[in-house]
Amino acid sequence: MYLTEYLSEMWSLLLAGSTQGVFFWAAVYTCVVLLISVVYQIRTSLWPGVAGTLIKNDLQRFGAAEWDKSEDDYITETAYSYQVNGKEYKGHRLTAWTVVASHNFRFILKKQLSRIKKNQEGGVIVFYNPKKPEKSYLIKPEIAGIITTALLAVLPFLLYWIKYY
């Protein structure tokens, strides 16, 4: 069966409400989104780094305060300054991904903050987009995260294959 015929058949199954059609197109969508993420992670991992000054590095409550402290959510809050080609920039992004953690899982955010790379002068290394130096992060994607995202992109098709073939 040719690819176009198969895609056409899956489209017909989707329109008919068949679980196979829904599963297939959900797998396609998930794969496309995750592969775009892989490309972005690879591009970001190649950004150069410059010395910067860390202004703020803390956890902040996210959303409304709860009566039960364990129900509170937290995010990282960072602020830093850096220079590229003599121009001063200020940044606030820790990584490309915003992680929200409950009070009981704040250790995940603390671990993330501990991954900020320091330079020999005691400052931080800021990784910036060479085409848009105002866009920057303190933590670049690593190979393990890129591989994990790529494997997750394939997982829906593997599950589809197991279920329908």
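Throughout, read-outs are computed from the coordinates displayed, never taken from laboratory work. None of the values given here were measured: they were computed from a predicted structure. We place every Cβ from the backbone using ideal geometry, glycine too, and count neighbours over all the protein chains shown.
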Long pairs among 111/140; 90/132; 110/132; 87/111; 87/118, criterion Cα-Cα beyond 24 Å: 110/132; 87/111
Quick check on the chain: what are the equivalent-ellipsoid semi-axes from the Cα gyration tensor, as sqrt(5λ), descending, whole Å? 40, 23, 13
Spelling it out for residue 77: with amide H atoms placed in the peptide plane at 1.01 Å from N, the residues 5 or more places away or on another chain with amide H under 5 Å from its amide H are 58, 59, 60
For the stretch 33-46, in order, what is each residue's ³J(HN,Hα) by Karplus, 6.51 cos²θ - 1.76 cosθ + 1.60 with θ = phi - 60°, in whole Hz (x at glycine and Pro)? 4, 5, 5, 4, 4, 4, 4, 4, 4, 5, 4, 5, 5, 8
Using label points projected 7 Å from each Cα along Cα→Cβ, tell me how many nm separate residue 131 and residue 157, to one decimal. 2.6
Return the whole-Å distance between the Cα centroid of the stretch 98-164 and the Cα centroid of the stretch 1-70. 13
Could you bin all the Cα-Cα distances of the stretch 48-139 into 5 Å bins starting at 0 and give me the percent of pairs in each, rounded to whole numbers? 3, 14, 24, 20, 15, 11, 7, 4, 1, 0
